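Undergrad: I'd like to ask you about the structure that follows.
The values are calculated or read from the model by the stated rules, or taken from the named source; none is laboratory data. The structure presented is a predicted model; accordingly, all values stated were derived computationally and were not measured. Cβ placement follows ideal geometry from the backbone for every residue including glycine, while neighbour counts extend to all protein chains displayed. Note: accessible area is taken over every heavy atom of the protein model, side chains too, but ligands, DNA and RNA are not part of it. Shrake-Rupley method; radii C 1.70, N 1.55, O 1.52, S 1.80 Å.
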Amino acid sequence: YAWYRWRCTIKLEEMNDYLRQRLEALEDSDAEAVCSMDENGVLAPAKITDIGEIQSIEVAERGAGGIVSLLKIEGTKDTVYINKEIVIRKLLGAPSRLYQNMSEEGQQISEGDHLPSAFFCLEGIWEEEELVGYEVYGGGNGHGIGMPQNGVDAMAKTGKTYEEILKFFYPAVSVETVYGQ
């Protein structure tokens, strides 16, 4: 599967530009995704549209399945926390960004203007003790919730029935025949 593992490089200069544009847009479209932390360590939605120049980006929290659920971005003026999976992916993505992956070509553009998934790690790129960007290492393609198409495909190819597959991903479900009227 081409997107099983992928990686990309984001230059800090590029990220600063994206962040300025997207924080303002988020204020209008999804203000709850932008938060600050008070002195007691409590996150709350905040109107932050300029953090200055980025000093660091780090994963602050992961969801139960391992996806990044909270991203901390520290700037010269302020620190912002981004708390929604798709917003985080869009914040770090770009429509024309090439991703090194396992495709025959060895690289592809993502299917949208966002990272392929929220299963990722960040590693700083340094030049002479100055942070100049991030290498983003990830896995998968999608939101990471529910039934993965590639997993279902592999299970079906080993002879699993639709009932076995459904019960694997949704253990509490019961499959019943319902007759129409």
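Undergrad: Restricting the search to region 69-87, which residues are farther than 19 Å from Gly41 by Cβ and β-branched (Val, Ile, Thr)?
TA: Those that are farther than 19 Å from Gly41 by Cβ and β-branched (Val, Ile, Thr): Thr76, Ile86, Val87.
Undergrad: Given the structure, is Thr49 surrounded by fewer than 19 Cβ atoms within 10 Å (Cβ to Cβ) and over 28 Å from Ile109 (Cα atoms)?
TA: So Thr49 fits the description; yes.
Undergrad: With the condition kept exactly as written, say whether any residue in region 79-90 is touching a residue at least 12 places away in the same chain (Cβ under 8 Å), surrounded by fewer than 16 Cβ atoms within 10 Å (Cβ to Cβ) and not β-branched (Val, Ile, Thr).
TA: Checking region 79-90: not a single residue is touching a residue at least 12 places away in the same chain (Cβ under 8 Å), surrounded by fewer than 16 Cβ atoms within 10 Å (Cβ to Cβ) and not β-branched (Val, Ile, Thr).
Undergrad: Moving to a separate point now. Of Glu32, Glu74, Glu27, which residue is of a type in the set (Asp, Glu), touching a residue at least 12 places away in the same chain (Cβ under 8 Å) and assigned to a strand (DSSP E or B)?
TA: Glu74
Undergrad: A further question follows. Among (1) more than 22 Å from Leu131 (Cβ to Cβ); (2) without any contact (Cβ under 8 Å) to a residue 24 or more places away in the chain; (3) among the charged types (D, E, K, R); (4) exposed (fewer than 13 other Cβ atoms within 10 Å of the Cβ), which single condition is Asp17 missing?
TA: Of (1) more than 22 Å from Leu131 (Cβ to Cβ); (2) without any contact (Cβ under 8 Å) to a residue 24 or more places away in the chain; (3) among the charged types (D, E, K, R); (4) exposed (fewer than 13 other Cβ atoms within 10 Å of the Cβ), only one is false for Asp17: (1).
Undergrad: Step by step: first the residues of region 62-71, then only those that are in contact (Cβ under 8 Å) with a residue 12 or more places away in the chain and outside any loop (DSSP other than H, G, I, E, B), then the one that is most open to solvent (accessible area, probe 1.4 Å). Which residue is that?
TA: Among those that are in contact (Cβ under 8 Å) with a residue 12 or more places away in the chain and outside any loop (DSSP other than H, G, I, E, B), it is Ser69.
For every residue, the table says whether it meets (1) in contact with a Gly (Cβ under 9 Å, 6 or more places away or on another chain); (2) basic (Lys, Arg).
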site: Arg5; (1), (2): yes, yes
site: Lys11; (1), (2): yes, yes
site: Met15; (1), (2): yes, no
site: Arg22; (1), (2): no, yes
site: Asn40; (1), (2): no, no
site: Gly52; (1), (2): yes, no
site: Glu58; (1), (2): no, no
site: Glu85; (1), (2): yes, no
site: Leu91; (1), (2): no, no
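Undergrad: Only one residue in Gly124, Gly133 is surrounded by fewer than 16 Cβ atoms within 10 Å (Cβ to Cβ), touching a residue at least 40 places away in the same chain (Cβ under 8 Å), under 22 Å from Glu53 (Cβ atoms) and not aromatic (Phe, Trp, Tyr). Which one?
TA: Going through Gly124, Gly133 in turn, the sole match is Gly124.
Undergrad: With Glu164, Glu135 as the choices, which residue is of a type in the set (Asp, Glu) and touching a Ser or Thr at 6+ places or on another chain (Cβ under 9 Å)?
TA: Glu135
Undergrad: Got a number for residues in region 138-167 being in contact (Cβ under 8 Å) with a residue 40 or more places away in the chain and open to solvent by 90 Å² or more (accessible area, probe 1.4 Å)?
TA: So the answer is 2.
Each row is one residue, and each column tells you yes or no for (1) closer than 15 Å to Leu122 by Cβ; (2) out of contact with any Pro (no Cβ under 8 Å at 6 or more places or on another chain); (3) at pLDDT below 85.
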{"position": "Met37", "(1), (2), (3)": "no, yes, no"}
{"position": "Arg62", "(1), (2), (3)": "yes, yes, no"}
{"position": "Gly65", "(1), (2), (3)": "no, yes, yes"}
{"position": "Ser69", "(1), (2), (3)": "yes, yes, no"}
{"position": "Glu85", "(1), (2), (3)": "no, yes, no"}
